[in-house]
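Since the structure comes first, as structure tokens, the remarks are kept for the end.
The values are calculated or read from the model by the stated rules, or taken from the named source; none is laboratory data. Keep in mind that this is a model prediction, so the values were computed, not measured. As a convention, Cβ positions derive from the backbone with ideal geometry for all residues, glycine included, and neighbour counts pool all protein chains shown. Note: areas computed on protein heavy atoms with side chains; ligands, DNA, RNA excluded. Shrake-Rupley method; radii C 1.70, N 1.55, O 1.52, S 1.80 Å.
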Amino acid sequence: MEADKVKLHFILSKERSGSTLLSAMLNKSPNVVSVIEETFSFYLYPKYGRVDFWTDQLVEEFYQDFILLNKQSLGDYYVSKEDTLSSLLSVKDRYYDYLTMCKYLHLHFLMQKKDASVIVDKQLEYLFFFSEMMELFPDSKIVVLTRDPRDNVEACVRRKLGKDLNVVYQSALWNDYYQEVLKYGKSERVIDVKYEDLIRYPEKVLRVVSDHFGIEYNRDMLLYSNSFSDVKQGNIQNKYVDNMEGFQDGLTRGLDLGNIGKYKSAFTETEIRKIESVTRKNAAYFGYEFEDLGIALSLGDKLKIWKAKIQKKWLMKIYKVLPVWVKIGIKKFKRKVN
């Protein structure tokens, strides 16, 4: 397959369940490969971004860095590390750029498709580097998927995501994730999609997203819950089945309207008002208007906002400028600790 002819697009969202759902729907197209969340394409760019001819040594070094930098257990999602490397080395024309190398690697994802013409990568960390993403991937289209911050905070608190489950802290995270999108402004390359619209009007949203990504819409996309069954029936070894089920987590369930507005029964009125106070401005940008007035935040609340900014946004900015070998060292240390 000629990877340089394959388009690479992105779904950027703090809402994991929504981005996974949309990704799985698109993956029902025979021309789409929707991959697991990995950040290598962005973080390895400083080291390999200027390469235009890939020697065996460079291919092997790039692949090794990819493996060491990964978040997932890649052996669970790529049929064989050895076979993948062998396939990368088998490419005869080595005169291609960094982005094409990333595409070659994405196309070795477990759900390989011979007719793939579009790769869809879903990410949340890239939201912190939105402007740089737009520059680094100039031909890519982006879908920014949002969810009512009150429901997003409820989901994060319920699932115990983040270093602090305080609602103000979680609200500040929601703000910080989407702040760079607001700073960038409007672009024809970017469309906003609401989680609530995806749940309520899936076909309408899918048609809009498909058109944006240059994908032909087909009704099979609405049968996304069969994705895992399709994989089981394919030529995939049994040892990968459990991991694929994890990748497709929640996709066997139907579109649940009950997920909209869950915050109403989960939080007190004071907690809800605090979430609205923190996120009101950014939420309005994405079309979420709150009827009630906000509530004055205490000094403790304001400290939670700064804590969130330091522990996520600022750390991400620092991490981004670290050399690749330092990033890999951090990954190795975390694996040993865990």
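Within the range 129-161, the set of residues being in contact (Cβ under 8 Å) with a residue 40 or more places away in the chain, surrounded by fewer than 18 Cβ atoms within 10 Å (Cβ to Cβ) and more than 25 Å from Gly185 (Cα to Cα) comprises just one member, Arg158.
Exactly one residue among Lys14, Lys28 is within 30 Å of Asn175 (Cβ to Cβ) and basic (Lys, Arg), and that residue is Lys14. Number of residues in the range 185-198 that are farther than 16 Å from Asp211 by Cα and surrounded by 15 or more Cβ atoms within 10 Å (Cβ to Cβ) equals 4. The criterion of at least 3 residues that are modelled with pLDDT of 90 or more and of a type in the set (A, V, I, L, M, F, W, C) is met by the following helices (runs of 4 or more DSSP H) wholly inside the range 247-309: 269-285, 299-308. Annotation note: of Lys334, Lys274, the sole residue that is over 19 Å from Glu180 (Cα atoms) and either of a type in the set (Val, Ile, Thr) or open to solvent by 60 Å² or more (accessible area, probe 1.4 Å) (or both) is Lys334.
The requirement of being within 18 Å of the chain's Cα centre (by Cα) and at pLDDT 90 or above is not satisfied by Met101. For the range 26-61, the set of residues classified as open to solvent by less than 10 Å² (accessible area, probe 1.4 Å), touching a strand residue (DSSP E or B) at 6+ places or on another chain (Cβ under 9 Å) and not in a loop (DSSP other than H, G, I, E, B) consists of Leu26, Val32, Val33, Ser34, Val35, Ser41, listed by residue number.
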